[in-house]
Amino acid sequence: MVQAAAVSMGAQSRAGHGDWQPPSPVTLAIRLARMEAALSAWFGQHRRALPWRKTRDPYAILVSEVMLQQTQVERVIPRYAAWLARWPTAAALAAASAADVIREWQGLGYNRRALALHRAAKRIAAEGWPADLTELPGVGRYTADALRNFAFGEAVLPMDVNVRRVLERTGGTFAPELAAALMDLGATVCLARVPRCARCPLTFACPARGRRYEALRKQSRFEGSFRQRRATTLRLVAAEPRPLGELDAEAVESLHLDGLVRVENGLVALPA
């Protein structure tokens, strides 16, 4: 269950001492097993109550993973419930119009995700789940691994930014069944810039404890951006078809290239 790390935790702090010897594989295995046990115990007390963790339905998990791309958990939770209430299966979503899918997605941002999810549902409804999940529209390596773990029960660790951060800082390796625990630890304790080491169950073995990190580059501002212009234009068209002359032409062109609107006889509307 636990793989031995190639480099001992804390080795950097002892570098330069000629009498230092790396710990044995047994010692490393014991240390890593303690880390897993500590993480598991912490997760039992602090796990986030997220609705997609109550199901093994691959379609429901796919919906959650696509919605969570670049969108905060708090915003996703109510929209996830509404989406599944309207389209509880891939077949139900596949039968919906692209226009209805885009309307339902409004407010989540990055609307191309909605179309990709719609196309994925059409393929799943017609052919079933592919052996290689990355063949589905909008599904990359992480999303495929999340589905394999959380829906299909495969022993694979999905590597999102939170999981990767915890692994890099601790130098540990963890069993795939601890994926959700690693995600929660990275999201709530092992934060990107100022980790909350005093609250971390792994601090006893973490060589990065007490460190602070440079601020990550923030996404460009939404207010006044072209993304906002696109969002405003799409919201207007989602309400009702509009003459092209009443809209931001550059935004319309961009939305059209993404398949989010159609332009016919000078009228801009959602795709059929």
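Read through the list (1) polar (S, T, N, Q); (2) assigned to a loop (DSSP other than H, G, I, E, B); (3) over 24 Å from the mean Cα position of the chain (by Cα), then give the number of the only condition that Thr173 fails.
(3)
For Ala121, are the conditions met, namely being in contact (Cβ under 8 Å) with a residue 12 or more places away in the chain, under 23 Å from Leu260 (Cα atoms) and either in contact with a helix residue (DSSP H, G or I) (Cβ under 8 Å, 6 or more places away or on another chain) or in a loop (DSSP other than H, G, I, E, B) (or both)?
So Ala121 passes the test.
Give the residues of the range 98-146 that are farther than 26 Å from Ala180 by Cα, crowded, with 16+ Cβ neighbours inside 10 Å and of a type in the set (S, T, N, Q), sorted by residue number.
Asn111
So, in the range 228-247, how many residues would count as being touching a residue at least 12 places away in the same chain (Cβ under 8 Å) and either of a type outside the set (D, E, K, R) or over 23 Å from Asp100 (Cβ atoms) (or both)?
Step one: list which residues in the range 228-247 are touching a residue at least 12 places away in the same chain (Cβ under 8 Å), which gives 229-235, 237-238, 241-245, 247.
With either of a type outside the set (D, E, K, R) or over 23 Å from Asp100 (Cβ atoms) (or both) added as a condition, the list becomes 229, 231-234, 237-238, 241, 243-245, 247.
Counting residues in the range 228-247 that are touching a residue at least 12 places away in the same chain (Cβ under 8 Å) and either of a type outside the set (D, E, K, R) or over 23 Å from Asp100 (Cβ atoms) (or both) gives 12.
Filter the range 58-74 down to the residues that are charged (D, E, K, R) and either free of Cβ contacts under 8 Å to residues at least 60 places away in the same chain or surrounded by fewer than 17 Cβ atoms within 10 Å (Cβ to Cβ) (or both) and list them by number.
Result: Glu74, single match.
When both residues are 6+ apart or on different chains and their Cβ atoms are under 7 Å apart, which pairs have a first residue that lies in the range 75-88 and is over 15 Å from Leu62 (Cβ atoms) and touching a residue at least 12 places away in the same chain (Cβ under 8 Å), and a second that is part of a helix (DSSP H, G or I) and of a type outside the set (Phe, Trp, Tyr)?
What qualifies is Ile77/Pro51; Ala81/Pro51; Arg86/Glu104.
Checking the condition over 30 Å from Ala249 (Cβ atoms), part of a helix (DSSP H, G or I) and out of contact with any Lys or Arg (no Cβ under 6 Å at 6 or more places or on another chain), which residue from Ala181, Ala231 passes?
Unique residue meeting the criteria: Ala181.
Quick note: the coordinates plus some simple rules give every number you see, no bench work behind them. All values reported here derive from a predicted model rather than from experimental measurement. In this analysis, Cβ positions are derived from the backbone assuming ideal geometry, glycine residues included, and neighbour counts consider all displayed protein chains.
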